[in-house]
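The values are calculated or read from the model by the stated rules, or taken from the named source; none is laboratory data. Bear in mind that the values here come from a model prediction, so they are computed numbers and not experimental data. Here the Cβ is made from the backbone with ideal geometry for all residues, glycine too, and neighbour counts use every protein chain on show. SASA here: full protein model, heavy atoms, side chains in, ligands and nucleic acids out. Shrake-Rupley method; radii C 1.70, N 1.55, O 1.52, S 1.80 Å.
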Amino acid sequence: MPNFNDTATTPTEEMREAMRRAEVGDDVFHTDPTVNELEAAGAAILGHEDALWVASGTMSNLCAVLAATRRGDEVLAEADAHIVYYEAGGMATVAGVMPRTVPTPDGVLDADGVRAHLRPPDHHFPPTSMVCVENT
């Protein structure tokens, strides 16, 4: 399987220099001007009032699952999706949700595939509250 790790690349010398020169502070107290600027730019690009910077795609995926689900919910994702295959079961261990995988021939979910995996409402089934779609 190919390496789709979000840390498989290394920074250029220009990137390293920008990091070295970056003004820093404490992002918990919102005194890090570089993080504040990055979050403001992200919010503006996405049309939101605010944004949160996290250190990795794994962390951002877990934040999304925690924000969109409740413990005991079911999350649908393509069978080889990064969130299922490479993230150490964080969705289950940290968020307490049950991943349900949808196999596809090419790694791309479509509406029919998702629809076929939706369970009817029944107190025996975990409610599906999220569908994870990625563009690696």
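Quick notes
- Solvent exposure of the range 22-91, expressed per residue, is 63 Å² of accessible area, with all protein chains present and a 1.4 angstrom probe.
- For the chain, convex hull volume per residue from C-alpha positions, Å³: 155
- In this structure, the amide hydrogen of Val75, modeled 1.01 Å from its nitrogen in the peptide plane, lies closer than 5 angstrom to those of Met98, Arg100, counting only residues at least 5 positions away or on a different chain.
- Accessible area, probe 1.4 Å, largest first, for residues Leu62, Leu118: Leu118, Leu62
- Neighbours of Phe125 by Cβ distance under 9 Å: Lys/Arg scored +1, Asp/Glu scored -1, total -1.
- GNM flexibility winner over the chain from Arg71, Arg119, Arg16 (Cα, springs under 10 Å): Arg16
- Area accessible to solvent at Asp26, 1.4 Å probe radius, in Å²: 60
- Carbon plus sulfur fraction of accessible area for the chain, probe 1.4 Å, in percent: 58
- Across the range 69-77, rounded Karplus estimates of 3J(HN,Hα) from the backbone phi angles (6.51 cos²θ - 1.76 cosθ + 1.60, θ = phi - 60°) give 10, 10, 3, x, 6, 10, 10, 8, 8 Hz, Gly and Pro being marked x.
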